[in-house]
Each structure stands twice: as C-alpha cells, then as structure tokens.
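Everything on this sheet refers to the single structure shown next.
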Amino acid sequence: MTVIYAFPPLKYTATLIDDELPSRSSRGVFSGQDYVSSSGPRRRIIRVTASSLSGNRDGAGMSASLNRLLDGGVNLVRMACPSINWCHEARPLASAPLTWTTEGDPLEWTDGGDSLLWFTGPALAATVTTLNGFDALALSGLTPGALVCRAYDVIRVYVEGEDGGASRAVKTVFADASGDAVIPLFDALPAGIVSVGDTETAVFRVTSRSPSDQPVSGNWMYSWALREVLPGEYPEDATEVDPWA
C-alpha cells in the first residue's frame, strides 16, 4: 500500500519551483522546417533546502524521519508549493472561508435564510471575463494604483464557501484609477470570492535527497528534489497521513 505523507514543517533557506514541459521536435526532410509538439503533461518540480537548526532544532530529525517514511521511494509526499515570487512579501488579498464551531460542532450563519459566509481576509467578488485571449477574472473596489498580483501568483476562487479551483496569473496587475483590475489566467476559473497570492498543494515523489555533514558548530542543510505525481497516477490503494500533526 502506498502512503502519501504530509511534507514536514521544515524551515526553508532556499526554494525553487518550476514547470516541466516535455516536448518533441522533428524536422521535415525536404522542407527543413522544424516541428515542435507537446509530448506529455505539465508537471511541477520543486527543490527545497531546509535548515537543520530550525524550529525546535529538529530540522535534521524531521528530514531523517521523512526519508524513512518514504521507504526508498515507495511512498509519496503532499506539500504546499513554495511561492515563485518573494516569499516574505505580504499577501493582503489572500483569503479563505472561516468556519465556526462550538464543542466541535459546526455553526452555520444565515441572513434572511441565505447562508452568510465569513472569510479570513477581504471578500473580493470576482466575475469572469477575458483579456487578450486569456481567461480572466475582473475585480472592483480596490485601492487605485494598488498592486493586485504579481506574475505567476496563485489565484484561487471560492464559490459559496467551497474551493472552486486555482490558477496562475499570467502577468503582474495593478488596479486602475477607478479601483478596477483584470487578472489574465492560464486556466479558467468560475466567478466567486477571490484569494490573490494563495497557496496550492500537490503530491510529489522525492527524486533526490542531499544531506550534509554536521559541523562542530553552526548550521547544516538538507536539500530535497521532488517531481509532481498527477492525480490520475496515484495508486488506487493510496492513503494520506500527516505524521507531524
């Protein structure tokens, strides 16, 4: 049985996220023209370098635990994809549904019989549009001239409080003088409450691990390289486990 383990809460000192986009090329015998076509689906590849002395000074221990849990590559990991842009930048337009409970039971809020949803950040309503041939989301009510998103930020939409999917922004977008903005996307998203600069998770196979020697004094690093496993490739018997909870 394959287990998909949550990636441990390591503190990274460096990250890389990129897309693997396989292609096939050929050249016409008589014309000499080059032909290029896709030869496989897009996959994310990630590299992270973790500090051994982070957290409770247990970065090395968590890395060793994960390595043993993976059982030589039999098992997989689910991890939050690192930010492609500067990780320390504030995400003022990130948001998510806020749930209320009492003694473990969910509480529902209504207004005139309609569900009333709460969000951790601004509840910006986005409508569907297009921009220069790209599927897009239109926003209003923003601060004129404010930065809305940077190129390749994660854009997520919530529809009636449920996750409606995520995509990536094609370019950096600022609000215009009226406080409106249009975000072109690589994938179409439905109308709903938008979260800009969100996060996304995916399942990966660890392709390499590079521990380093522990010095007499000072920090040392563990580096991981991972390649995405697409949902249709998960083993049928796979289960997900978070050993760090």
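The values are calculated or read from the model by the stated rules, or taken from the named source; none is laboratory data. Treat the numbers as computed from the prediction; the structure is a model and nothing was measured. Cβ atoms come from the backbone with ideal geometry, glycine included; neighbour counts cover every protein chain shown. All accessible areas refer to the heavy atoms of the entire protein, side chains included, with ligands and DNA or RNA removed. Shrake-Rupley method; radii C 1.70, N 1.55, O 1.52, S 1.80 Å.
Accessible surface for the chain, divided over its residues, is 59 Å² per residue with a 1.4 Å probe.
Here's the picture: charge each Lys and Arg Cβ at +1 and each Asp and Glu Cβ at -1 in region 61-119, and of THR102, GLY113, LEU66 the one pushed furthest to the positive end of that dipole is LEU66.
Each of VAL29 and GLU89 was given a label point 7 Å from its Cα along the Cα-to-Cβ line. The distance between the two points is 5.2 nm.
In the chain, the calculated helix contribution to ellipticity at 222 nm averages -1500 deg cm²/dmol per residue, counting -39,500 (n - 2.57) for every DSSP H run with n ≥ 4.
If you take the charge dipole of the chain about its Cα centre, with +1 on Lys and Arg Cβ and -1 on Asp and Glu Cβ, which of TYR158, VAL29, SER51 is farthest toward its positive end? Of the listed residues, the answer is VAL29. Charge dipole (Cα centre; +1 on Lys/Arg Cβ, -1 on Asp/Glu Cβ; no other charges) of the chain amounts to roughly 1300 debye. Extent of region 1-83 along its three principal axes (Cα atoms, max minus min coordinate, largest first): 65, 33, 17 Å. Springs between Cα atoms under 10 Å define the GNM used for the chain, and in it the highest mean-square fluctuation of LEU142, LEU117, LEU107 occurs at LEU107.
Computing Rg and the Kirkwood Rh from the Cα coordinates of the chain gives a ratio, Rg/Rh, of 1.03. Taking each residue as 0.36 nm, the span from THR15 to ASP105 lengthens on full extension beyond its C-alpha to C-alpha distance by 28.5 nm. Charge tally for ARG209 (other residues, Cβ to Cβ under 15 Å; Lys, Arg +1; Asp, Glu -1): +2. Positive-end ranking of HIS88, ALA125, LEU226 along the dipole of the chain, with charges on Cβ about the Cα centre, is headed by LEU226.
Each Lys and Arg adds +1 at its Cβ and each Asp and Glu adds -1 at its Cβ; summed about the Cα centre, region 1-120 shows a dipole of about 840 debye.
Place a label point 7 angstrom from the Cα of ASP213 along the Cα-to-Cβ direction, then list the residues of region 31-69 whose backbone nitrogen is under 15 Å away. Taking a point 7 Å out along Cα→Cβ of ASP213, no residue of region 31-69 has its backbone N under 15 Å. Within the assembled protein chains, the solvent-accessible surface assigned to TRP220 is about 30 Å², based on a 1.4 Å probe. Region 54-116 and region 130-146 have Cα centres separated by 28 Å.
Which value results when the Cα radius of gyration for region 147-245 is divided by 2.2 N^0.38 Å?
1.53
Note on region 66-155: percent of Cα-Cα distances in each 5 Å bin, starting at 0 and stopping at the bin with the largest distance, equals 2, 8, 12, 15, 14, 13, 13, 11, 7, 3, 1, 0.
In a simple Cβ point-charge model (Lys, Arg +1; Asp, Glu -1; nothing else charged), region 144-228 has a dipole of about 440 debye relative to its Cα centre.
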